[in-house]
Amino acid sequence: MLDLLPDLCDEHADKVRVLEPLFRDYGGETLFWGQAVTVRCYEDNSRVRELVATPGTGKVLVVDGGGLLRCALLGDMLAELALQNGWEGIVVHGAIRDAGTLSTMALGIKALAACPLRSEKRGEGSVEVAVTFAGATIHPGDYIYADLNGILVAREPLSHPQL
């Protein structure tokens with residue numbers, strides 16, 4: 001099923017929040033879902049690196065980079081690590097890099113833009129905090145659903161024959 005989100009919005013309108021359509025697809029998978037693990041980090045992807053190195057089966061990493069586009073918070077090496085650890089997808093409210101390589105990986109990745117510069121490594125950032133961007137607040141443990149139609153958030157898992 002390529003168009004999951006329209007069905008989920010129709011079936012669960014009172015349970016979902018839709019993010020504003022600001023994000024582009026960069027990963028090889030365009031349909032993904034899972035429980036949110038959140039991180040807030042600005043121009044420093046140290047915490048992203050730590051998280052993608054942990055088991056991610058059934059999880060989506062949500063990275064609040066403040067919408068900053070001066071450097072990338074995710075590239076091919078971290079995406080490969082996420083893939084190896086079973087992450088379902090990554091949503092970046094900021095930039096990624098290595099866009100060509102990311103497009104070949106079996107991982108869902110949505111971000112605002114691509115930027116070739118890497119981020120700083122200062123060990124800064126907050127993990128498992130509520131993040132707000134694109135018109136929605138995402139809490140740790142919320143459920144993220146994404147496809148070519150966008151991204152939606154729900155407080156509890158949604159039922160659908162394709163899930």
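Where a number appears in this text, it was derived from the coordinates with a stated rule and is not lab data. Keep in mind the model is a prediction, meaning the values are calculated, not measured. Positions of Cβ are backbone-derived with ideal geometry, glycine not excepted, and every protein chain shown enters the neighbour counts.
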Next on the checklist: If I take every Cα pair under 8 Å that is 6 or more residues apart in region 4-154, average their sequence separation and divide by the length, what percent do I get for the relative contact order?
Outcome noted: 37 percent
Checklist entry - Which whole-Hz couplings ³J(HN,Hα) result when phi for each residue of region 51-68 is put into the Karplus expression 6.51 cos²θ - 1.76 cosθ + 1.60, θ = phi - 60°, listed in order with x for Gly and Pro? => result 5, 5, 7, 9, x, x, 4, x, 10, 10, 7, 10, 10, 8, x, x, x, 6
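Can you tell me how much longer the chain between Leu68 and Ser159 gets when fully stretched, taken as 0.36 nm per residue apart minus their C-alpha distance, in nm with one decimal?
On the way: separation 91, 0.36 × 91 = 32.76 nm, distance 3.44 nm.
Fully extending the segment from Leu68 to Ser159 adds 29.3 nm.
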Checklist entry - Ordered by packing density, taken as the mean number of other Cβ atoms within 10 Å over each peptide's residues, highest first, how do 91-97, 67-73 rank? => result 91-97, 67-73
Item to check | Pairwise FRET efficiency - Asp14 versus Ala53, Cβ, R0 = 41 Å, nearest 0.05 | outcome: 0.65
Checklist outcome for this item: Burial-style ranking of 50-61, 145-156, average other-beta-carbon count within 10 Å with highest first, yields 145-156, 50-61
Checklist entry - With the contact rule set at Cα under 8 Å and sequence spacing of 6 or more, what percent relative contact order holds for region 70-163? => result 22 percent
Next on the checklist: Need the list of lysines near Lys110 for cross-linking: C-alpha distance under 20 angstrom, and skip anything on the same chain fewer than eight residues off.
Outcome noted: Lys59
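Of the listed peptides 9-16, 137-144, what is their order by residue-averaged count of other C-beta atoms within 10 Å, with the highest listed first?
Details: 9-16: 12.2, 137-144: 18.5.
The peptides rank, most packed first, as 137-144, 9-16.
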